[in-house]
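Colleague: Once you've had a glance at the structure underneath, I'll fire off some questions.
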Amino acid sequence: MSKPSLILLATAIFYISVLHASELNNTQKIARTEYPTKTLYDLWLASTKDKAVISNFISSLPEHYIIEAIENDDKHVMVTYFALGNTETDYIMLSGGPDFYGLRFKQLGNTSLYFCRQKIPSDAMFIFGFNEFMLSDNGLEHGVVKTYRPMLNQ
């Protein structure tokens, strides 16, 4: 290969690697917005490399939620609820608790893990449930197929 061809090839490889790094940085910036807690972001990042991370995380939870302190706010905590869906899951809703109309879960990347977050009073106690809505065979109808109803006692 001639010297000009090698220089052209090296330049092309350099620009491709810069574009790839820029794309990764942009993806990570978007992910930090979509997954605002360290737990969610770390789960997303780990799930891009290892699909077993999600099942290991879910099996490590004593409940289907985690409670985290909010900096400079002793009167409230942040609860992150988790549910597992599958390829037929259309969406998952949280029912009950402080939000009368419920909260819609978001899917964590391309995983089966869904989550939603809720700021609640630190002395709250309430009953809530998850409802999973599935696509039907024709993709148009919805139906509740799974319900999970624990009690949150902070």
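The values are calculated or read from the model by the stated rules, or taken from the named source; none is laboratory data. Just so it is clear, the structure is predicted and the values come from calculations on it, not from any experiment. Glycine also receives a Cβ, built like all others from the backbone with ideal geometry; neighbour counts cover every protein chain displayed.
Here is a yes/no grid of residues against (1) outside any helix (DSSP H, G or I); (2) in contact with a strand residue (DSSP E or B) (Cβ under 7 Å, 6 or more places away or on another chain); (3) more than 30 Å from residue 128 (Cβ to Cβ); (4) at pLDDT 90 or above:
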| position | (1), (2), (3), (4) |
| --- | --- |
| 7 | no, no, yes, no |
| 15 | no, no, yes, no |
| 19 | no, no, yes, no |
| 28 | no, no, yes, no |
| 59 | no, no, no, yes |
| 62 | yes, no, no, yes |
| 67 | yes, yes, no, yes |
| 86 | yes, no, no, no |
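Colleague: To continue, here is another question. Does the stretch 56-94 hold any residues that are charged (D, E, K, R) and within 16 Å of residue 43 (Cβ to Cβ), and which are they?
Modeller: At the first step, the residues of the stretch 56-94 found to be charged (D, E, K, R) are 63, 68, 71, 73-75, 88, 90.
The answer is 68, and nothing else.
Colleague: Go through the stretch 100-154 and give me each residue that's among the acidic types (Asp, Glu) and at pLDDT below 60.
Modeller: Initially, the stretch 100-154 is screened for residues among the acidic types (Asp, Glu), giving 123, 132, 137, 141.
Residue satisfying the conditions is 141 alone.
Colleague: Here's something else I'd like to know. Report, by residue number, each residue of the stretch 69-80 that is in a strand (DSSP E or B) and either of a type in the set (S, T, N, Q) or touching a Gly at 6+ places or on another chain (Cβ under 6 Å) (or both). Break it down into steps so the answer makes sense when it comes.
Modeller: The first filter runs over the stretch 69-80 and keeps only residues in a strand (DSSP E or B), leaving 69-70, 73-80.
Answer for the stretch 69-80, where residues must be in a strand (DSSP E or B) and either of a type in the set (S, T, N, Q) or touching a Gly at 6+ places or on another chain (Cβ under 6 Å) (or both): just 80.
Colleague: I need the full set of residues from the stretch 36-51 which are within 14 Å of residue 110 (Cβ to Cβ) and either part of a helix (DSSP H, G or I) or at pLDDT 90 or above (or both), in order please. Steps first, answer last, please.
Modeller: In the first step, residues of the stretch 36-51 are kept if they are within 14 Å of residue 110 (Cβ to Cβ); the result is 43-51.
Of everything in the stretch 36-51, those that are within 14 Å of residue 110 (Cβ to Cβ) and either part of a helix (DSSP H, G or I) or at pLDDT 90 or above (or both) turn out to be 43, 44, 45, 46, 47, 48, 49, 50.
Colleague: Listed residues 81, 65, 91; which is buried (at least 16 other Cβ atoms within 10 Å of the Cβ), closer than 28 Å to residue 29 by Cβ, touching a Cys at 6+ places or on another chain (Cβ under 9 Å) and not acidic (Asp, Glu)? Reasoning before the result, please.
Modeller: On the way: 65 fails: touching a Cys at 6+ places or on another chain (Cβ under 9 Å); 91 fails: touching a Cys at 6+ places or on another chain (Cβ under 9 Å).
The conditions single out 81.
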